[in-house]
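Okay, structure first, notes after.
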There are 2 protein chains.
Amino acid sequence: MSKIQHRNLYREVADRVLDLIEQGELASGDRIPERELCERFGVSRTPLREALKVLASEGVVELLPNRGARVRQLTLKMVKDTYDLMGALEGLAGELACQQISDEGIAEIRDLHGRMLDHYRNRELAEYFRVNRQIHEGILAASQNEALQEMYSNLSQRVKRVRYSKQMTDDFWRRAVEDHEAMIEALEQRDGRWLGQILREHLCNKLEVAAMDEVIDDRQRA
Amino acid sequence: MSKIQHRNLYREVADRVLDLIEQGELASGDRIPERELCERFGVSRTPLREALKVLASEGVVELLPNRGARVRQLTLKMVKDTYDLMGALEGLAGELACQQISDEGIAEIRDLHGRMLDHYRNRELAEYFRVNRQIHEGILAASQNEALQEMYSNLSQRVKRVRYSKQMTDDFWRRAVEDHEAMIEALEQRDGRWLGQILREHLCNKLEVAAMDEVIDDRQRA
DNA sequence: CGATGGAATTTTGAATTCATAATAACTTTG
DNA sequence: CAAAGTTATTATGAATTCAAAATTCCATCG
């Protein structure tokens, strides 16, 4: 594994720790072995500890006084709460986007929507999710609200490790696509209130939560 | 000034730095003098630097590589963006609160509301704002969504140093109180959607932004 | 007199060191 | 053999040290 290059070291280290968590090498609740990670990353304890403190403030890690850092346990409630929050943020993003977005911006999102529909028709789940995410990110970006985008991506990061997209009943999927149809229409009409409401209530996230149920339980048992 | 007691040192230091910023001793854009603060707090550079990194991730401070930390400049746009965000969060809190809050909880908030009205009638601005804040915090707490509360207080902290409540035209004030009347009604009817909408559009914050305009400009010129 | 170049100083970034708290290992004893 | 107490080991928290970068200060030159 390549050594880290020395610039903004603590942030670099934090990102590497996040990778380890996302890839499951550090599981929920695991103690984070300071010395070992230092050796592995080729850095001293100082930047690693700085990284851990930042990750703690971002809600990814838990610091127990005199007992080191652990990967924060995600309970089902925490994930639900986080998705509620993300919904609210997306709702705001939608409202703002309708005020701010350019016609080209709308065209781009409509284009993404078209591609998403193709993947839906072909039942290409992974591709569908990828484009789906691009649409949501596009709306976030169009809001032109940096703080909003920052918070959203922070929340998104928190729950990334339990994101789950396998089980997707036809019915849920169909309804998610319907939501997206409405979103596009609201966006083209620049009806911010409508778009905001759709996004806040968009069932995609709630669906994920439902599917996630047993996954989290599994991890907590482990 | 009393020395800091040594437990969770970096968080303690961070709070002290926040105090300095809030009290204006460290102004917007100011360089943060590492060595000096260390002496003042009676700690070494390590915990101070950890604190600064955390504050940077919380958006209060800016870290320039090899050039130290500065108090992050607040532009008017950033403050507006932040208030939009806070509105969205309060909106969500309102919706959730309607589902979660106990009858006693509602009674408490109604009580606060009554006291706020008294202060309004007596034109006691400071008292009014204090109780007003308690109401909003009460709704946040009733949402039972920890992530939401955490995020809200973080945002609130970011803009605390420019909070401004002097100019309050009678007309704005009257409308703010009207909003609150509606809020109480929505809460008592447990009409989450309505309460959410009121909170999202509650003009209190927008009012502050308007009043804040020249204040921020002043600071940026300095 | 102002601009440019180059030491001297200060500040920052990161590793190392040191003291203390927590954990593990090992006795001892009932 | 198990439980409790004690010692040894390890991990953590924070100060210190060291190298590199930036800034300041001063001298030189145009």
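The values are calculated or read from the model by the stated rules, or taken from the named source; none is laboratory data. Just so it is clear, the structure is predicted and the values come from calculations on it, not from any experiment. Note: ideal-geometry Cβ built from the backbone for every residue, glycine included; neighbour counts use all protein chains shown.
Among the residues of the range A:82-103, is there at least one that is more than 30 Å from A:E181 (Cα to Cα) and either in contact with a helix residue (DSSP H, G or I) (Cβ under 7 Å, 6 or more places away or on another chain) or at pLDDT below 95 (or both)?
No: the range A:82-103 contains no residue that is more than 30 Å from A:E181 (Cα to Cα) and either in contact with a helix residue (DSSP H, G or I) (Cβ under 7 Å, 6 or more places away or on another chain) or at pLDDT below 95 (or both).
Hey, can you tell me all the residues within the range B:13-34 that are in contact (Cβ under 8 Å) with a residue 12 or more places away in the chain and among the acidic types (D, E)?
B:E22, B:D30, B:E34
Kindly list, by first and then second residue, each pair from a residue in the range A:45-57 that is without any contact (Cβ under 8 Å) to a residue 40 or more places away in the chain and within 7 Å of chain B (Cβ to nearest Cβ) to a residue that is part of a helix (DSSP H, G or I) and more than 9 Å from DNA strand D (Cβ to nearest atom), limited to pairs with Cβ atoms under 6 Å and residues at least 6 apart or on different chains.
A:K53/B:V54; A:S57/B:V54; A:S57/B:S57
Among the residues that make up the range A:166-177, is at least one of them closer than 30 Å to A:Q73 by Cβ and in contact (Cβ under 8 Å) with a residue 60 or more places away in the chain?
No; the residues of the range A:166-177 include none that is closer than 30 Å to A:Q73 by Cβ and in contact (Cβ under 8 Å) with a residue 60 or more places away in the chain.
Taking the condition polar (S, T, N, Q), surrounded by fewer than 21 Cβ atoms within 10 Å (Cβ to Cβ) and within 16 Å of DNA strand C (Cβ to nearest atom), does B:S28 pass?
no
Within the range A:87-100, work out how many residues are more than 9 Å from chain B (Cβ to nearest Cβ) and surrounded by fewer than 24 Cβ atoms within 10 Å (Cβ to Cβ).
Counting residues in the range A:87-100 that are more than 9 Å from chain B (Cβ to nearest Cβ) and surrounded by fewer than 24 Cβ atoms within 10 Å (Cβ to Cβ) gives 3.
Would you mind listing the helices (runs of 4 or more DSSP H) fully within the range A:1-76 where at least 3 residues are under 22 Å from the mean Cα position of the chain (by Cα)?
Once the helices (runs of 4 or more DSSP H) in the range A:1-76 are filtered for at least 3 residues that are under 22 Å from the mean Cα position of the chain (by Cα), what remains is A:9-22, A:45-57.
Would it be correct to say that A:I32 is at pLDDT below 95 and touching a Gly at 6+ places or on another chain (Cβ under 8 Å)?
no
A quick yes/no check of all residues on (1) surrounded by 13 or more Cβ atoms within 10 Å (Cβ to Cβ); (2) among the aromatic types (F, W, Y); (3) over 26 Å from A:M151 (Cβ atoms):
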site	(1), (2), (3)
A:D19	no, no, no
A:E22	yes, no, no
A:R35	no, no, yes
A:P47	yes, no, no
A:E50	yes, no, no
A:S57	yes, no, no
A:L63	yes, no, no
A:R67	no, no, yes
A:Q73	yes, no, no
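Name, by its number, the condition in (1) within 14 Å of DNA strand C (Cβ to nearest atom); (2) more than 11 Å from every other protein chain (Cβ to nearest Cβ) that does not hold for B:R72.
(1)
Take the range A:131-152 and flag every residue that is within 12 Å of chain B (Cβ to nearest Cβ), polar (S, T, N, Q) and buried (at least 20 other Cβ atoms within 10 Å of the Cβ).
Result: A:S143, A:N145.
Within the range B:42-73, which residues are of a type in the set (S, T, Y) and within 8 Å of DNA strand D (Cβ to nearest atom)?
B:S44, B:T46
Can you name the condition, by its number, that B:E22 falls short on among (1) more than 18 Å from B:L63 (Cβ to Cβ); (2) near DNA strand D (Cβ under 9 Å from one of its atoms)?
Going through (1) more than 18 Å from B:L63 (Cβ to Cβ); (2) near DNA strand D (Cβ under 9 Å from one of its atoms) one by one, B:E22 breaks only (2).
A quick yes/no check of all residues on (1) small (G, A, S); (2) in the same structural domain as B:K160 (by TED's automatic domain parsing):
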residue	(1), (2)
B:R31	no, no
B:F41	no, no
B:T46	no, no
B:A51	yes, no
B:R67	no, no
B:L112	no, yes
B:E124	no, yes
B:Y128	no, yes
